[in-house]
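Some notes on the structure that comes next.
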2 protein chains.
Amino acid sequence: MMSTATTLAEIWRGPFLESVHAGHAVICDASGEIVEAWGDPQAVVYPRSSSKMIQALPLLTSGAADAARLTDEHLALACASHNGAEIHTQRVDRWLKDAGLGESDLRCGPQEPADIPARDALIRAHESPCQIHNNCSGKHAGFLTLGKHLGAGPEYIDPDHPVQAACLEAFEEATGETSPGWGIDGCSAPNYASSLQGMARAMARFAAAPADAPETRLHEAMRAHPDLVAGEGRACTELMRAMDGKVAIKTGAEAFFVAILPEQKLGVALKILDGGTRAAECAIAAILVRLGVLDAEHPATRKYLDATLRNRRGIDVGSIRAADALR
Amino acid sequence: MMSTATTLAEIWRGPFLESVHAGHAVICDASGEIVEAWGDPQAVVYPRSSSKMIQALPLLTSGAADAARLTDEHLALACASHNGAEIHTQRVDRWLKDAGLGESDLRCGPQEPADIPARDALIRAHESPCQIHNNCSGKHAGFLTLGKHLGAGPEYIDPDHPVQAACLEAFEEATGETSPGWGIDGCSAPNYASSLQGMARAMARFAAAPADAPETRLHEAMRAHPDLVAGEGRACTELMRAMDGKVAIKTGAEAFFVAILPEQKLGVALKILDGGTRAAECAIAAILVRLGVLDAEHPATRKYLDATLRNRRGIDVGSIRAADALR
């Protein structure tokens, strides 16, 4: 796995290279063919939360979303790894209540919100975070909505539950591959593996889908609601805003990142080998600049690509830079 | 830098290797010669907080520590990257007051405590963290004590200040090398670079120092007060306790780790290329087991070496494993 990876991001401090991140990245066109690649496109990867758009497809194709009158906001949350801010938790809470469900029906586990005001409010109230605060609670609300529509049982995260069977079918259809296996994600749902090219191919299929396709409805929802997909201060939200909603991007745990470029009909997938999120954010920004959809001089871009590292007194101590290979 | 590194830790999820960490590691004997190495011993590195024991040497050799009647607790804090828990902040606050100084004399910058009770207490009181909460506040109290003893000015973190000149001299003496340069650390002090072997050599010199040497006094203070060197839940504290105080270990930012083994008169230094702390903790535990000073079956060891990864519902989803090369 190491030997074929390419350096994608560098951490500089003073005159020396302090740390280095290697990985794989692939750009695919609408036919699923490789336009450009770094490292090994055939590396087997877990896309983690970068597969949420694929996991949300059965919610639409089954008719469950329309039966439950889900809006673009619901769909953006189904694809989200959110900060657990009030704008996220209020909407997921409402979604569950509207479906006649509640927090205890979720199977994602509790998580302290990444959103600082939400975190501090819980601490001041001496309250523990709940499952609605979990960054995946929108995806799980979607799973529950689908499960209810299918008349299936409550343990919707079991790999042989109809909800997960539908997700696997959607995943293999989107990637164009038979998945070699799965692991259990942080939120307890199965996470299906594919080649990195498979994930880039899936994103290209989203990008090239017809205007009325479920894939289009999902990436349109993400592009319309970048604040619901992640949250304030997060790369997904800030970079989607910087691209004026023309491109959908989504991170995944252990330094995964994907992008859907509808105008270009291209899909991108990348994995930093060591799981370092800072490098995945830097690399996806570099690739989006390279593809001409992100302005290199936009302040949001400069936060992730060739970003200045500041220490606890705000002093410039170094930088995180995309490797030459991505320029 | 990448090409000569060796895989040191692996992250497994379900049937697949999800992430990989590569790095360099060196074990040196009392003469400074390499006993065993992985990757490139000549890699230029910033030891970051792993150099705190060296930065504390001038505090002793100058006579400043004895003039200020510093105890082992002060010396352990001077070598610490602490959690900002009450046991740390109360002692640093007292240290500064006893010296006729205060929080505003520090130049390390404020930092939210890693210690959860301390963090939550600040949030509930609507108070901001101060510089005493900074994980490096003990080192900086030592710098201030030395600066006062030398009659030097207040900007003790300037590279040409007498305190930093003394630190550079101690660093080059300990590593046996001319430092190729420096960067600015997270706490605003200069951090001198060396080869990785230079840092392992320095740690071996600490390990082999005579009973009355300043080096011995420092690693004895660390081994006597593992709770002051880091804090509850931290690798330095937990692994030093697991070794019954026989070995001193110290982490540094960007995945540095060193160990001082007085009985074996050995020193260890390692750097994970990508800055991933989880991998540095795993690799140092593996090397300490390999050297016969850490019990592989101790619960603290099992937290870092071949540790089970659990998700937000406590489900076993994978493991972090030391690479075969370290077995």
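The values are calculated or read from the model by the stated rules, or taken from the named source; none is laboratory data. Computed from a prediction, not measured in an experiment: that's the story for all the values here. Every residue, glycine as well, gets a Cβ built from its backbone with ideal geometry; the counts of neighbours run over all protein chains shown. Accessible surface areas use protein heavy atoms only, side chains included; no ligands, DNA or RNA. Shrake-Rupley method; radii C 1.70, N 1.55, O 1.52, S 1.80 Å.
Observations, loosely collected:
- Each residue of the stretch A:1-58 gets 129 Å³ once the volume of the Cα convex hull is shared out per residue.
- Local net charge near A:Ala255, Cβ-Cβ under 14 Å (Lys/Arg +1, Asp/Glu -1): +1
- Evaluated with a Cβ-only charge set (Lys, Arg +1; Asp, Glu -1), the stretch B:176-327 carries a dipole of roughly 280 debye about its Cα centre, given to the nearest 20.
- Spatial offset of the stretch B:244-259 relative to the stretch A:293-327 amounts to 31 Å, using the alpha carbon center of each.
- With the Kirkwood sum run over all distinct C-alpha pairs, the protein assembly as shown has a hydrodynamic radius of 25.9 Å.
- Of the whole protein surface, B:His149 contributes about 80 Å² of accessible area at a 1.4 Å probe radius.
- 18 Å Cα-Cα reach of B:Lys246 towards lysines, excluding residues that sit fewer than 8 places from it in its own chain: B:Lys265
- Note on A:Gln90 and B:Asp212: their simple-model spin labels are 7.2 nm apart, each label 7 Å out from Cα toward Cβ.
- Peptide B:9-18 has a mean of 6 when you count, residue by residue, the C-beta atoms of other protein chains within 10 Å of its C-beta.
- Heavy-atom accessible surface that B and A bury in contact, both chains counted, 1.4 Å, Å² to 100: 4300 Å²
- Global geometry of chain B, whether rounded, prolate or oblate, following the gyration tensor of its Cα atoms and the 1.5 cut on a/c: oblate
- Accessible area ranking (1.4 Å probe, heavy atoms, ligands and nucleic acids excluded), largest first, for B:Glu281, B:Glu220: B:Glu220, B:Glu281.
- In the stretch A:261-282, the residues that give up 10 Å² or more of accessible area when the other protein chains are added, compared with the chain on its own (1.4 Å probe), are A:Lys271, A:Leu273, A:Asp274, A:Arg278.
- Per-residue mean of C-beta atoms belonging to partner chains within 10 Å, peptide A:138-146: 0
- Value of relative contact order over chain B, rounded to a whole percent, pairs C-alpha under 8 Å and six or more apart: 24 percent
- Helix B:162-175 and the longest principal axis of the Cα set of chain B meet at an angle near 40°.
- Summing charges over all other residues whose Cβ lies under 13 Å from the Cβ of B:Ala85, with Lys and Arg as +1 and Asp and Glu as -1, gives -4.
- Model label sites at A:Ala99 and A:Ser31, defined 7 Å from Cα along the beta-carbon direction, differ in position by 4.0 nm.
- Reduction of at least 40 Å² in accessible surface, 1.4 Å probe, comparing all protein chains with the chain by itself, residues of the stretch A:303-327: A:Asn311, A:Arg312, A:Arg313
- Sorting the segments A:69-82, A:49-62 by their residues' average number of neighbouring beta-carbon atoms within 10 angstrom, most packed first, yields A:49-62, A:69-82.
- Among the protein heavy atoms of the stretch A:6-326, carbon and sulfur supply 49% of the accessible surface, probe 1.4 Å, non-protein parts ignored.
- Ranking by accessible area, most exposed first, for A:Asp120, B:Asp98, A:Asp324 with a 1.4 Å probe: A:Asp324, B:Asp98, A:Asp120
- Residues in the stretch A:156-178 that a label on A:Thr4 would reach, taking backbone N under 11 Å of a point 7 Å out along Cα→Cβ: none
- Surface exposure of the stretch A:6-326, expressed per residue as accessible area with a 1.4 Å probe, stands at 35 Å².
- Cysteines (scope chain A) whose Cβ has no counterpart Cys Cβ under 4.7 Å: A:Cys28, A:Cys79, A:Cys130, A:Cys167, A:Cys236, A:Cys282
- Per-residue ellipticity at 222 nm from helix content only, as computed over chain B with -39500 (n - 2.57) for each DSSP H run of at least four residues, stands at -11000 deg cm²/dmol.
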